[in-house]
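Worksheet: one structure, shown below.
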Amino acid sequence: MTVNDSAEQAVDSDKVTIGPSAANKDVLDLLVTQGHFNSSLAAFQAAAMLAIRKDLEASSAPASAGTMWNRGSVNRQILDFLAWYMPTTMPARVLEQLGNAGTAYIAEKVKTGGYRFSEIFDLPHMAVE
Amino acid sequence: MQLLELKLRNWGPFYGEHKVDLAVDPSAPVILFRGENMRGKTSLLRAIVWCLYGQLREQDGRTPLPVGKMVNLDALQAGDTPFGVTLRFSHNGVEYVLHRSGTADSDQPDKVIVSQVVVDLIPVGGLPYPAANIPEIIDGIISRDIADFFFFDGEMLTRFEERLREERATSQGFVRAQVERALGLPFMTNLASDLETIQDAITASMDQVLRKEKKNNALSEKFRDKTDELAGVEKDLADLRARDTDLVAQIADYEAQLSKVEEIKELYYERKALEADIERGEDTIKDIRASIANLAETNWWLPAADTLVAKLEAAEAEIVAAEDADRERYKLQFRIDQVEKQLGSGVCPACGQPVSVHNEAELNAELSQLRQELAASPTKSVDDARRQRDRLRPFGRAASVLQRVFEQEQDLGREKLRVDKKRQRTRQISEQISGNTVNIDALERTLVHLKATKQRSGLALSGLEDKRQALKNEVNRIGNQIADQPEVDETERRLQRSVNEAQEIVSKSFDHFRESMRDRVAKATSDLFLRLTTEKEYSGVSINEDYLLSVIDHQGRALSMISAGANQILTMAFIGALAECSVDEAPMVMDTPFGRLDTGHRNAILSWVSTFNTQVILFVQSGEYEPERHAYLLDGKIGREYTIDRLSPTRSEVHAA
């Protein structure tokens, strides 16, 4: 696949709806309640990006407990990115796996509470040029 | 009036029966009660007041105090339910025993129910007065209206001081009301009103005669019109006065409520300001959180920022490498082309000489080497690397976005810390003022509103009173015309003329009396003020025609600002003068009067007390009176001295010192 391939070209066999595992749903709700995100989908997407950074095994992520979001609700840029980056023809499915893996990874910190956004997602300090 | 003996039963901290001798002679009329706070000094003052008037007020001077609060708790617990006060006193050479008592019951802590309150007044050697007449008799000896000029505590001084300091119009009204109280002017007002009623009845009767005779119909008609109009104005006036009285009561009630929370007022406002700060802080926290959440949502790749940036850097490095490789391949190809061209044409393209001059074999070897190098050089397309870089380029600003996130998180942390500190202080304040749910600023707003309404009501009253007076004069004029008619009975005419004259006398006396007594109070206040003040720049006190009480300097100028100490002394002098001018003789009972005064003023007041030849009862604590340091100031005038000793938190006893 080339970098020009997009999610649009690869949706036929991809998932139409995605969702978190039962345990992860609570964690995502907490992230919203604690004010870190405006929606649980935004939190789920961020968790997926963390999973990429931490090289978490997508296939070992907790299984989805059901549908929560339509593929259309997901940020299109993320699906495009995943299709290109992984690469994959099923970016929604990959997003679901990565999102669940990343959410499970941060679950303990979120449940404990009192952590900042940067601490939960272990954001790196980078020198500004 | 002189108090001779006070007997208590289960009153305040005085459990059981207690007797205190109060008889003194004019050469040593001062009675001292010394006791620390919470020993029962104020209970003794209240015993005297309750026995005389059957009513009590809190220290704010306004809020009614249920007598149940004065019942001794130990007695209640022991089932000893009767309580009471007996006061033996003399007045105009007659000795009286006044006894007031009741029965207390309590079914729950802090709630005492008082029943069977009875009062007896017996002149020694005589028959008891009917209970219904007792308030009037006591009022005749020392009126309830002026009692607080004689039986007062430090709180009352504060209250008077506040009123005198209030804005000009309110202060003038207060001074006028106090002076009129002291002079008994309400009695004069009643007299004038009674005369008016008589006058009205006589004129109406004469009018009846005219109407019966069916003569002077126009005069009679005019009289009835004006009388009706007057009646209407009087009704309006009565309504307005009732509303005004109600406003005064409401203002007093709000002032009482506010004075009760005076101590916590600052804390209340501090908490209120903190609550507003906390609310603003919470909004700021919410805003910062929303900003971070927006950053996280817009820059969804942030959690993988360093990975993506590393990939971007790798892509850029790859581009550089691919471009270098391209350049190298180009160079090799160029050289290959040159060598091939040289070998093919037999001429060196650089120097133009035949190739044979050079070593052809060397050229072939070079060509072979170059072709091997070209074959070995990387062939990666720079376009792929560029596409990869372009895809990753948006993540190149990761460092600056991350910096914004960290900065906002720092702001968030600082704001949370500030809000937490404020919350902690708010909790502290709430503990300090726990149980007090008064909404002070609502009370203050209402009070300001009520005072403004009262001011408007005062203006309306004044206008209506003028109108009433004009109508009254008109009715009187017509009444005189009616009286002049031949049909009117001569006796009625004479009666009408007599009442007219009486009204005129009362009216003139009223004004004259008011003016002369205002001057008398002003002089007494001035003398006393000069005696008590330690500040030498003042030359006296005046009360002008508008009842404005002012301290005067040596150049005769009324001072608009005086020191706080001078204001306290002015208050004391004003109360002393009112007492002096109001009745010939009455005991002066002062509870903790020196608390807020400096040493100089306190000494001046004690020296002033030493000039009395009428009874003075002082309740003092060690902070304001020490026998070894202050007794000399009373110049041997101490007739009796007692200490109030505490036996337990609920019991005290009075002992001769």
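The values are calculated or read from the model by the stated rules, or taken from the named source; none is laboratory data. Since the model is a prediction, treat every value here as computed from it, not as a measurement. A quick note on method: Cβ atoms are made from the backbone with ideal geometry, for glycine too, and the neighbour counts reach across all protein chains shown.
Worth a mention:
- Residue match in the range B:18-35 (condition: surrounded by fewer than 18 Cβ atoms within 10 Å (Cβ to Cβ) and on the phi > 0 side of the Ramachandran plot): no
- Residue in the range B:176-191 that is modelled with the lowest pLDDT, counting only those that are exposed (fewer than 14 other Cβ atoms within 10 Å of the Cβ) and either in contact with a Ser or Thr (Cβ under 9 Å, 6 or more places away or on another chain) or under 23 Å from B:L230 (Cα atoms) (or both): B:P186
- In the range A:36-62, residue farthest from the other protein chains (Cβ to nearest Cβ) [restricted to those that are buried (at least 17 other Cβ atoms within 10 Å of the Cβ) and over 26 Å from B:E409 (Cα atoms)]: A:A61
- Of all residue pairs spaced 6 or more apart or on separate chains, those with beta-carbon atoms under 7 Å, a first member in the range B:267-287 that is at pLDDT below 95 and a second member that is exposed (fewer than 14 other Cβ atoms within 10 Å of the Cβ) are B:L267/B:Q432; B:R271/B:S430.
- Scanning the range B:294-335 for residues that are more than 11 Å from B:F395 (Cβ to Cβ), surrounded by 17 or more Cβ atoms within 10 Å (Cβ to Cβ) and over 60 Å from the mean Cα position of the chain (by Cα) yields B:E316, B:E318, B:I319, B:A322, B:L332.
- Count - residues of the range A:93-129 that are at the interface with another protein chain (Cβ under 8 Å from one of its Cβ atoms), in contact (Cβ under 8 Å) with a residue 40 or more places away in the chain and part of a helix (DSSP H, G or I): 2
- Count of the range A:49-60 residues which are farther than 16 Å from B:D306 by Cβ and within 11 Å of the chain's Cα centre (by Cα): 1
- The range B:381-403, subset loosely packed, with under 14 Cβ neighbours inside 10 Å and more than 22 Å from A:L82 (Cα to Cα), residue farthest from the other protein chains (Cβ to nearest Cβ): B:S381
- The criterion of at least 2 residues that are surrounded by fewer than 18 Cβ atoms within 10 Å (Cβ to Cβ) and touching a residue at least 12 places away in the same chain (Cβ under 8 Å) is met, among strands (runs of 3 or more DSSP E) falling completely within the range B:62-153, by B:82-91, B:94-108, B:111-123.
- Residue check for B:I251: part of a helix (DSSP H, G or I), assigned by TED's automatic domain parsing to the domain that holds B:E444 and surrounded by 16 or more Cβ atoms within 10 Å (Cβ to Cβ): yes
- Conditions (1) within 14 Å of another protein chain (Cβ to nearest Cβ); (2) more than 30 Å from B:D277 (Cα to Cα); (3) touching a helix residue (DSSP H, G or I) at 6+ places or on another chain (Cβ under 6 Å); number of the one not met by B:I336: (1)
- The range B:339-396, residues that are modelled with pLDDT of 85 or more, under 30 Å from B:W301 (Cβ atoms) and basic (K, R): B:R386, B:R387, B:R389, B:R391, B:R393
- Set B:L237, B:L258, B:L267: member being surrounded by 15 or more Cβ atoms within 10 Å (Cβ to Cβ) and closer than 30 Å to B:A201 by Cβ: B:L237
- Residues satisfying the stated conditions in the range B:286-314, i.e. in a helix (DSSP H, G or I) and more than 8 Å from chain A (Cβ to nearest Cβ): B:D287, B:I288, B:S291, B:L295, B:T298, B:L308, B:A310, B:K311, B:L312, B:E313, B:A314
- Residue, nearest to the other protein chains (Cβ to nearest Cβ), within the range A:74-90, restricted to residues that are free of Cβ contacts under 8 Å to residues at least 40 places away in the same chain and either among the charged types (D, E, K, R) or part of a loop (DSSP other than H, G, I, E, B) (or both): A:N75
- Residue within the range B:209-226 that is outside any loop (DSSP other than H, G, I, E, B), modelled with pLDDT of 85 or more and of a type in the set (S, T, N, Q) present: no
- Exactly one residue out of B:D553, B:D598 is more than 15 Å from B:L530 (Cβ to Cβ) and either surrounded by fewer than 20 Cβ atoms within 10 Å (Cβ to Cβ) or in contact with a Lys or Arg (Cβ under 8 Å, 6 or more places away or on another chain) (or both), and it is B:D598.
- Applying the condition of being surrounded by 17 or more Cβ atoms within 10 Å (Cβ to Cβ) and among the charged types (D, E, K, R) to the range B:621-640 and asking which residue is modelled with the lowest pLDDT yields B:E624.
- Residue that is nearest to B:S291 (Cα to Cα), among those in the range B:405-419 that are touching a residue at least 24 places away in the same chain (Cβ under 8 Å) and more than 10 Å from every other protein chain (Cβ to nearest Cβ): B:D411
- Per the conditions (1) over 27 Å from the mean Cα position of the chain (by Cα); (2) at pLDDT below 80, the sole criterion not satisfied by B:L597 is (1).
- Check on A:N70, away from chain B (no Cβ under 13 Å) and buried (at least 19 other Cβ atoms within 10 Å of the Cβ): no
- Per this entry, B:A273 is not counted among residues that are out of contact with any Pro (no Cβ under 6 Å at 6 or more places or on another chain) and assigned by TED's automatic domain parsing to the domain that holds B:L417.
- Check on B:D194, at pLDDT 65 or above, closer than 30 Å to B:Q485 by Cβ and surrounded by fewer than 17 Cβ atoms within 10 Å (Cβ to Cβ): yes
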